[in-house]
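Worksheet: the structure to be examined is printed underneath.
The values are calculated or read from the model by the stated rules, or taken from the named source; none is laboratory data. Small disclaimer: the values here were computed from a predicted structure and weren't measured. Cβ sites come from the backbone with ideal geometry, for glycine too, and all protein chains shown count toward neighbours.
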Amino acid sequence: MSEDMLLNVHRPAQYLGNEWNACKKDFNSCAVSFALGFPDLYEIGMSNLGVRIIYGVLNNIPDVICERFFAPEADMEAVLKAANSRLCSWESKRELAGFDILGFSLGSELNYTNTLNILELAGLPLQSCLRDCRYPLVIAGGPCALNPEPMADFFDLFIIGEAEEASVDILNLYRKYKNDYKSGRLTKADLLSEFSQIEGVYAPALYAAEYNDAGELAGFFPKPPGPDGRPARKSPPLKIKKRVIDDLDSVYFPSNWMVPYVQTVHDRITLEIMRGCPNRCRFCQARSQYYPLRIRSREKVASLAALAYASSGYEELSLAGLSVSDYPGLEKLVSSLTCAFKEQAVNLSLPSLKARALLGNVSTLIAKIKKTGLTFAPEAGTERLRQVLAKDFSEDDFFKAAEEAYRAGYQHLKLYFLIGLPGETESDLEGIINFAQNASALKKKIKGGAAQINISVNPLIPKPHTPLQWLKMEPLAAIREKQDYLRSHCKNKRLKFNFHNHEMGFLEGVLSRGNRLLSAVILSAYQKGARFDAWSASFSFSRWLDAFSEQGIDPQRYLKGKSTSEMLPWDFIDTGIKKEDLAAEFDKTCHPVL
């Protein structure tokens with residue numbers, strides 16, 4: 001990326017790579033080189049906490065160098081192709097093809113085509129079977145690894161679960177076998193079999209999948225060793241057990257907070273205070289991803305906050321976790337942090353909260369933090385549907401908390417809702433409108449006019465490893481009708497609806513619930529020009545429909561309802577939550593006790 005290249009692209013500062021607190025090491029003095037990437041724009045990738053954590057973990061190993069890469073914007077891609085140049089790492093501008101390992105953080109199924117584009121821009125064959133010892137190993141982790149099968153053709157390894165320790169295990173083993181592998185004395189299959197012995201590591205090439213005439217999974221098992229006269233390689237496990245970090249206080253966290261030159265989506269310090277969630281919302285995949293619940297101590301959080309601020313100077317600090325409201329002693333933590341940073345005028349922000357967390361603690365949790373708005377997630381417009389979802393949300397607590405928030409000076413609220421829920425009727429949709437109108441009108445009782453309520457409405461995607469994984473996803477036409485109903489029946493100008501693109505939701509549902517047969521569809525869509533599918537301006541549903549048609553696959557097959565006895569593409573992954581427990585919760589969804 002020369003200066004001439006940077007002069008001809010949008011926001012060139014995103015490609016510089018020498019941000020404050022970025023790690024610079026001598027490439028030639030390191031035994032293993034690792035390029036860590038996020039398949040979306042820099043502003044998204046640098047807001048991802050997982051990328052920051054793994055970047056620090058790996059660079060803390062003396063003989064390992066870890067550098068970053070992101071998906072280039074379309075103008076940079078054009079510049080690279082015009083110059084016949086390959087995609088490079090951000091720090092040293094070394095070609096990605098020159099690294100030992102490329103690691104992707106897969107946070108969204110709609111980034112899959114970006115992943116293929118990065119591989120191609122790096123000069124690598126897309127399918128893992130075409131990459132031998134001359135190329136880097138290509139691995140992935142993140143939430144999408146809970147069902148890695150749609151991307152199985154493209155990756156050598158997946159890390160299932162939390163990667164801090166697993167990534168170090170992979171690097172240690174690679175260091176041990178690097179010379180033998182690069183010289184050809186060790187085959188790629190045998191190297192992958194060694195990696196498969198690491199807990200939480202999945203090597204798709206070592207497994208075979210069989211399908212029936214309907215394209216449904218009929219069998220999944222480890223492949224036998226090839227009959228080439230060599231000793232049999234090590235057998236991979238039948239089940240892949242998710243990796244879990246036991247103690248958050250002892251695990252690495254990036255206190256030397258990197259400061260980008262350009263504004264990112266989450267342009268602040270993000271402090272993870274907990275992993276896992278004590279709640280059991282039946283639609284939530286993140287609970288399985290981060291199960292079990294673990295807490296970082298208040299003392300450790302305070303220490304990390306002080307170090308991150310001292311190293312970055314950020315004026316906003318956000319507390320992160322799946323259910324921050326359930327952090328033990330949240331009031332004491334917020335009180336100590338606001339006191340510690342009072343003189344520096346550092347604002348403390350909190351993500352979506354339970355209303356009850358605000359009751360009685362308003363002076364600490366509301367009055368002392370930046371009044372940019374509060375976010376709540378009722379998920380459904382009626383108590384009946386919230387019980388179907390096992391959503392812990394009290395309307396009484398919410399309206400009491402909203403009243404206190406308005407008294408403290410808040411002018412607007414944000415609410416999250418799902419549509420396409422099991423048993424949903426028009427009265428449930430009307431419940432969304434009524435709930436938001438009541439929240440808006442409540443402010444009139446306090447002072448001034450009605451509050452603005454921003455309403456985010458998303459289609460329910462029944463994801464793997466949740467109690468709803470057997471549920472049929474609502475068809476496109478039905479989701480569109482429900483969106484139209486909410487638009488047409490809401491006359492209150494203080495309510496601002498934001499609807500998730502229903503076609504994007506459809507594709508996300510298919511890819512999240514898919515099997516290996518979808519690798520061919522993803523490749524076809526990419527070859528037809530699919531890029532940045534998570535961005536409305538770039539998304540083309542017709543490309544994807546053409547790709548499905550070309551491969552002779554009906555996407556609806558992945559969205560239909562399933563039997564709890566059916567083999568699922570992701571059944572070989574052990575998240576720590578038993579399948580029979582999920583099935584029991586699913587039964588309660590179908591036959592709720594109300």
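Just a few scattered comments:
- Enumeration of residues in region 56-91 that are closer than 17 Å to residue 28 by Cβ, in contact (Cβ under 8 Å) with a residue 40 or more places away in the chain and surrounded by fewer than 17 Cβ atoms within 10 Å (Cβ to Cβ): 63
- For region 170-186, a residue qualifies if it is in contact (Cβ under 8 Å) with a residue 24 or more places away in the chain and either touching a helix residue (DSSP H, G or I) at 6+ places or on another chain (Cβ under 9 Å) or not assigned by TED's automatic domain parsing to the domain that holds residue 118 (or both), and the qualifying residues are 170, 171, 173, 174, 181.
- Being surrounded by fewer than 23 Cβ atoms within 10 Å (Cβ to Cβ) and within 21 Å of residue 150 (Cα to Cα) is a property that holds for residue 108.
- The set of residues in region 137-169 being in a helix (DSSP H, G or I), touching a residue at least 60 places away in the same chain (Cβ under 8 Å) and either of a type in the set (Lys, Arg) or more than 20 Å from residue 514 (Cβ to Cβ) (or both) consists of 163, 164, 165, 166, 167, 168.
- Unique residue being assigned to a helix (DSSP H, G or I), among the aliphatic types (A, V, I, L, M) and either over 30 Å from residue 582 (Cα atoms) or modelled with pLDDT under 95 (or both) when the list is 439, 477: 439
- Scan of region 170-194 for residues that are surrounded by fewer than 18 Cβ atoms within 10 Å (Cβ to Cβ), touching a Cys at 6+ places or on another chain (Cβ under 7 Å) and assigned to a helix (DSSP H, G or I), ordered by number: 182
- Residue 506 vs. criteria under 28 Å from the mean Cα position of the chain (by Cα) and under 22 Å from residue 570 (Cα atoms): yes
- Note on region 489-559: enclosed helices (runs of 4 or more DSSP H) holding 1 or more residues that are touching a residue at least 60 places away in the same chain (Cβ under 8 Å) and under 20 Å from residue 473 (Cα atoms) are 502-512, 518-527.
- Test: residue in region 451-458 that is hydrophobic (A, V, I, L, M, F, W, C) and either assigned to a helix (DSSP H, G or I) or over 30 Å from residue 109 (Cα atoms) (or both): yes
- Considering residues of region 14-46 that are of a type in the set (Gly, Ala, Ser), modelled with pLDDT of 95 or more and more than 24 Å from the chain's Cα centre (by Cα) only, the residue farthest from residue 535 (Cα to Cα): 31
- With respect to the conditions (1) of a type outside the set (Ser, Thr, Tyr); (2) over 22 Å from the mean Cα position of the chain (by Cα); (3) surrounded by 13 or more Cβ atoms within 10 Å (Cβ to Cβ), residue 561 falls short on a single one, namely (3).
- Scanning region 120-136 for residues that are closer than 24 Å to residue 544 by Cα, without any contact (Cβ under 8 Å) to a residue 12 or more places away in the chain and not in a loop (DSSP other than H, G, I, E, B) yields a single hit, 120.
- The one condition in (1) in a helix (DSSP H, G or I); (2) surrounded by fewer than 22 Cβ atoms within 10 Å (Cβ to Cβ); (3) out of contact with any Pro (no Cβ under 8 Å at 6 or more places or on another chain) that residue 52 fails to fulfil: (3)
- Within region 80-119, the residues that satisfy the criterion of being assigned to a helix (DSSP H, G or I) and farther than 17 Å from residue 38 by Cβ are 80, 81, 82, 97, 98.
- Residue within region 586-593 that is of a type in the set (Asp, Glu), outside any helix (DSSP H, G or I) and more than 24 Å from the chain's Cα centre (by Cα) present: no
- Highlighted here are the strands (runs of 3 or more DSSP E) found entirely within region 195-297 that include at least 2 residues which are touching a residue at least 60 places away in the same chain (Cβ under 8 Å) and within 30 Å of residue 11 (Cα to Cα): 269-272.
- Extreme residue, surrounded by the most Cβ atoms within 10 Å (Cβ to Cβ), among residues of region 396-433 that are modelled with pLDDT under 95, among the hydrophobic types (A, V, I, L, M, F, W, C) and not in a helix (DSSP H, G or I): 413
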